[in-house]
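This report concerns only the one structure given below.
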Amino acid sequence: MKNPCASFLYLLLSFISLTSFLGCSSEEEQGGSPTKESDTVDASLRIGVMPKLVGISYFEATGKGVREAGEELNINVHYDGPTSAIHEDQVRMLNTWMAQDFDVLAVAPNDPDAISSTLRSAAREDFTVMTWDTDAGPENSRRQIFVNQASNEAIAETMVNIMVEGLKEQGKPPAGKFLIVSGTPTASNQNIWIKFMRARIEKEYPQMVLLETLMPGEDQSKAQEMTTAALNSHGDIAGIWGLTSVAVPGAAKAVEDAGKSRKIFVTGVGLPSSMKPFVESGACSKFALWNPVDLGYLTVYVAHHLKTKGELAEGTYDFGRIKGVVVKDGQAILGPPIIFTKENIDDFHF
C-alpha cells in the first residue's frame, strides 16, 4: 500500500522541532529496493508487471530485465503472473493489484479482448494502464501505451525472409507445404504476425501453401506432439515456423526425432538458450528474436516515465541503457529482431 506513516508520534516530533521525517514502508517488491530516508517520491511508486505466465524461459528473461530496471530507478517493481496462460487468472491478479493500490499495471494479455474490460475499469479508477509483449486494443482497454518488442511488420517480414533464404541455401525453391506452429488462438501478437506473413506469401510466393495453423498454447511438449502429428499426416512439408519461444524448439525436436533435420527448414522466434542444441544438431540453422531482458527493462522505464511525467509523446527516447527507442502510434518499440545463427548464438545469454 502507499505510504501510511502519518502518526501521532510524527506530529509530536514535528511540533518540538522543525525536522521532517520521511515516511517508511515495510514492503519491498521484487526488483525494487527498500525505501530509504533519502529516497525521492519515485521510491514510493509501485509498478506491477504481469507476463502471460511464469515458469518458461522467455518470461524468466523478461523478469530479469524488469528487476534490473527497478533497481536502477529505485522503485518498487512486482513481477508476477499466472502459472498457465489463462486470462481469468490474469484478471484475478489485476483485481488484487488494484486493491493493493499499485500505481502502474503493465500486462502481457493472454486474451486481449477478455481482459480489456478489467483494464478499462482500472484506467477509469486512475491507474496507469499499459501493455507489453502482447497488446490489447487501445480503444477497448484504454491502455496508454504498448511496449512492443519490434514492429509486427518487421517480425513477419523477418520470418518470411529467413524461410525463403534458408530454402535457397538448401537449393530449394520457396514452394510446397508449410506449417505455422503458434501459441494460443487469442494471442494477438502471433495472430497479427500470421496475418502479415500470409499477405506477403500470397503476393510474392504463391507456390508456398500454408497448412492449418497449430495452436499448442504455451506448451513445448504439446508443440512437439502436434508437429509430429502434422509430419505424419503430411510427409512433404518443406518448412515450419514456430512463433513462440516454446513452439520453435518443440517443432525442431519433432523434426529432429523424425530424422528430417536439414530436410525440413525450421525457423521462428526462439531463445538462444533453448535453440542452441538444435542449431548445433542442424535441426534449425537460423531463427530470430528480440532481447527479452531488454523488453522487460524497457517496460519498467516506460511505466516510470508515464507515471512521473503523465504522457509519452511521439519521438525518439533513451531509456536507461536502451537508446533510440521509437515511440509512435501508441507504441514504444524496442527495435528490429535479432537473427541468430551458429556464428553468433554464443554471444547471447538468455
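The values are calculated or read from the model by the stated rules, or taken from the named source; none is laboratory data. Given the structure is predicted, the values throughout are model-derived calculations rather than measurements. A quick note on method: Cβ atoms are made from the backbone with ideal geometry, for glycine too, and the neighbour counts reach across all protein chains shown.
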Every pair of residues 6+ apart whose Cβ atoms lie under 6 Å, when the first sits in region 192-208 and is in the same structural domain as I240 (by TED's automatic domain parsing) while the second is in a loop (DSSP other than H, G, I, E, B): Y205/P174; Q207/A175; M208/P174
Count of residues meeting criterion [surrounded by fewer than 16 Cβ atoms within 10 Å (Cβ to Cβ) and within 16 Å of G137 (Cβ to Cβ)] in region 73-113: 1
Flag if P216 is modelled with pLDDT of 95 or more, in a loop (DSSP other than H, G, I, E, B) and more than 23 Å from I339 (Cα to Cα): yes
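Anything in region 238-277 that is of a type in the set (A, V, I, L, M), under 27 Å from L295 (Cβ atoms) and in a helix (DSSP H, G or I)? List them, or say none. Let's see the steps before the verdict.
Within region 238-277, the subset of a type in the set (A, V, I, L, M) is 238, 240, 243, 246-248, 251-252, 254-255, 258, 264, 266, 269, 271, 275.
Still in the list and also under 27 Å from L295 (Cβ atoms): 240, 243, 246-248, 251-252, 266, 269, 271, 275.
Across region 238-277, the qualifying residues are A247, V248, A251, A252, M275.
When you scan region 300-350 for strands (runs of 3 or more DSSP E) that lie fully inside it, which ones turn up with 1 or more residues that are over 18 Å from the mean Cα position of the chain (by Cα) and either in contact (Cβ under 8 Å) with a residue 24 or more places away in the chain or over 27 Å from K286 (Cα atoms) (or both)?
Values: elements: 315-319, 322-328, 331-333, 338-341.
Counting at least 1 such residues, we get 315-319, 322-328, 338-341.
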Subset of region 43-53 that is touching a helix residue (DSSP H, G or I) at 6+ places or on another chain (Cβ under 8 Å) and either closer than 29 Å to P249 by Cα or among the small types (G, A, S) (or both) - its residue that is surrounded by the fewest Cβ atoms within 10 Å (Cβ to Cβ): L53
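Rundown of residues vs (1) out of contact with any strand residue (DSSP E or B) (no Cβ under 9 Å at 6 or more places or on another chain); (2) modelled with pLDDT under 95, yes/no style:
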| position | (1), (2) |
| --- | --- |
| Y79 | no, no |
| M93 | no, no |
| F102 | no, no |
| P109 | no, no |
| S116 | yes, no |
| E125 | yes, no |
| P138 | no, yes |
| Q144 | no, no |
| V147 | no, no |
Residues (over 21 Å from E314 (Cβ atoms) and in contact with a Pro (Cβ under 7 Å, 6 or more places away or on another chain)) located in region 94-132: A108, I115
Checking Q190 against (1) closer than 22 Å to L214 by Cα; (2) in contact with a strand residue (DSSP E or B) (Cβ under 7 Å, 6 or more places away or on another chain); (3) at pLDDT 95 or above, the condition it does not meet: (2)
Considering residues of region 257-274 that are over 18 Å from the mean Cα position of the chain (by Cα) and crowded, with 19+ Cβ neighbours inside 10 Å only, the residue nearest to E60 (Cα to Cα): T267
Some residue of region 315-323 being loosely packed, with under 13 Cβ neighbours inside 10 Å, farther than 26 Å from T244 by Cα, among the hydroxyl-bearing types (S, T, Y) and modelled with pLDDT of 95 or more: yes
The one condition in (1) surrounded by fewer than 19 Cβ atoms within 10 Å (Cβ to Cβ); (2) in the same structural domain as W241 (by TED's automatic domain parsing); (3) at pLDDT below 95 that G176 fails to fulfil: (3)
Filtered residue count, region 191-232, keeping only those that are more than 23 Å from P173 (Cβ to Cβ) and surrounded by fewer than 18 Cβ atoms within 10 Å (Cβ to Cβ): 8
Region 49-99, residues that are over 21 Å from P185 (Cβ atoms) and without any contact (Cβ under 8 Å) to a residue 12 or more places away in the chain: E60, R92, T96, A99
